[in-house]
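In what follows, a single structure is set out as C-alpha cells and then discussed.
The values are calculated or read from the model by the stated rules, or taken from the named source; none is laboratory data. Note that the structure is a prediction, hence the values are computed from the model and not measured. When we count neighbours, we look across all protein chains shown, and the Cβ atoms used for this are built from the backbone with ideal geometry, even at glycine. Surface accessibility is based on the protein's heavy atoms, side chains included, excluding ligands, DNA and RNA. Shrake-Rupley method; radii C 1.70, N 1.55, O 1.52, S 1.80 Å.
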Amino acid sequence: MEGCADLNAPGTFEARYLAFLETISNLRPSLHRYCSRMTGSVSDGEDVVQEALFQAYRKLETFDDRRPLAPWLFRIAHNRCIDFLRRREVLEKAEAGAAKPDSVAPVDPPGPALGRAVEHLVLSLPPMERACVLLKDVFDYSLEEIAELVDSTVGGVKAALHRGRSRLAALPERETSTRAMSDADEWILHLYVDRFNRRDWDGVRELIAADARLRVADRFAGPLATSPYFSRYEEFPFPWRLTVGEVDGQPQVILLQQEGGVWTPQWLVRLDITDGRITRIADYHHTPWVLQSATSVAVAEPS
C-alpha cells in the first residue's frame, strides 16, 4: 500500500494505520492474549501483535473481505510468534528451556474446560503443541480452522493436541518462577524511575544510549532522541508516578495513577538494558490490555 506505515520507519503512525487499528479494536485483546501466551511475556506479546498488524495493514488489499477477518489476523500473528520464538532460540540458546509455567498443574483432565489455566502452562510445550492447545482449548477454534492457521493438516493438529494435552496432564506442581535481571540492570531500572519521577530529564538521558529506540504502542516508533516523549509525560492532567514492580515475576516499570487518594497501576513501560545503558523503551500507554492480561502485578507503595 502506498504510504503505509512501516514498523522500522521513524515517526508518528499515520492516520490511515490508526483508522485500521480502530476498526479491529475488538480483536486486539484476543490477539494479544494469544501472542503473550505464545511468547511468555505480555510485553513481548504486544510487540509481536504490533508487528503482525503492520504486516496485515500492508497486505490489506490482498485480503478477501468475503472471509472472516479474525482467522486471517490470527494466522499472521501466529507466524510472527513462530518467527519470534525462532529468533529467541538462536539468540538465547543458553536460556532455552529455562522458562517455567506460571501456575501449578490443574487437577482436572486436559481439555476445553481448563479455560484460562491452560494459558499459563503452555510455555512448557513446543511451539506447535503450544499453538494448537491455545487455539483449541482457550480460543475454541475448530480443528479445520487451526490447521489453516498453523499451516498443518487436521491429522497433524489432532496429534499435536494429543501430545500437548498429555504433557500438560503429566506436569508436576511447580512454584511460580521469576525471570532473572542482574543487580546492575535492576539498579538502572530504579534510577530511571527515581529521576523520571523528579522530572530530572537530563539525569534520565544520562542512562540512555545515544541510539536508543522508542516505541509508544499504537502511536510512535523511532529514535528516542528525536521524540517528544518526556514532555508528553509533563502534560498529563492527572497525578502520576512511575514505580518498579513485577509483572508476571519480571521486574518492570509501571505507571501509577492517583484516583481518590489511591494509587492504581495503569500501564507498563518496558526498558531494554544493554551494557549498562537503556537501549529501548516500549511504552504501552495506549494499549491498557497489556498490563490487564498479566497473571500477576506487584508494585511498591509510592513514597
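Could you look through the stretch 133-176, keep only residues that are polar (S, T, N, Q) and under 26 Å from the mean Cα position of the chain (by Cα), and pick out the one that is surrounded by the fewest Cβ atoms within 10 Å (Cβ to Cβ)? Among those that are polar (S, T, N, Q) and under 26 Å from the mean Cα position of the chain (by Cα), it is Ser142. Take Thr295 and tell me if it is touching a helix residue (DSSP H, G or I) at 6+ places or on another chain (Cβ under 7 Å), under 17 Å from Pro29 (Cα atoms) and either open to solvent by 50 Å² or more (accessible area, probe 1.4 Å) or not hydrophobic (A, V, I, L, M, F, W, C) (or both). The answer is no for Thr295. Quick one: Leu168 ticks every box in (1) assigned to a helix (DSSP H, G or I); (2) within 28 Å of Gln50 (Cβ to Cβ); (3) in contact (Cβ under 8 Å) with a residue 24 or more places away in the chain bar one, so which box is it? Single failed check for Leu168: (2).
Cβ-Cβ contacts under 6 Å between residues 6 or more apart (or on different chains), taken from a first residue in the stretch 287-301 that is within 13 Å of Ile254 (Cα to Cα) to a second residue that is open to solvent by 20 Å² or more (accessible area, probe 1.4 Å) and not in a loop (DSSP other than H, G, I, E, B), are listed as Val297/Pro265; Ala298/Glu246; Val299/Pro265. For the stretch 204-227, a tally of residues being surrounded by fewer than 18 Cβ atoms within 10 Å (Cβ to Cβ) and in a loop (DSSP other than H, G, I, E, B) returns 1. Going by what's in this entry, would Ala294 be described as among the small types (Gly, Ala, Ser) and under 30 Å from Ala15 (Cα atoms)? Against the criterion (among the small types (Gly, Ala, Ser) and under 30 Å from Ala15 (Cα atoms)), Ala294 qualifies. Given the condition touching a residue at least 40 places away in the same chain (Cβ under 8 Å), among the small types (Gly, Ala, Ser) and not in a helix (DSSP H, G or I), answer yes or no: does some residue in the stretch 248-261 qualify? Checking the stretch 248-261: at least one residue is touching a residue at least 40 places away in the same chain (Cβ under 8 Å), among the small types (Gly, Ala, Ser) and not in a helix (DSSP H, G or I). Taking the stretch 228-277, which residues are within 23 Å of the chain's Cα centre (by Cα), polar (S, T, N, Q) and at pLDDT 90 or above? Once the filter is applied, which keeps residues that are within 23 Å of the chain's Cα centre (by Cα), polar (S, T, N, Q) and at pLDDT 90 or above, the stretch 228-277 yields Thr243, Gln252, Gln257, Thr264, Gln266, Thr274.
Against the test of being open to solvent by 20 Å² or more (accessible area, probe 1.4 Å), at positive phi, modelled with pLDDT of 95 or more and more than 19 Å from the chain's Cα centre (by Cα), the options Arg199, Arg195 yield a single qualifying residue, Arg199.
For the stretch 59-73, the criterion of being of a type outside the set (S, T, N, Q), out of contact with any strand residue (DSSP E or B) (no Cβ under 8 Å at 6 or more places or on another chain), outside any loop (DSSP other than H, G, I, E, B) and open to solvent by 70 Å² or more (accessible area, probe 1.4 Å) is satisfied by at least one residue. Residues in the stretch 35-58 that are assigned to a helix (DSSP H, G or I) and hydroxyl-bearing (Ser, Thr, Tyr): Ser36, Thr39, Ser43, Tyr57.
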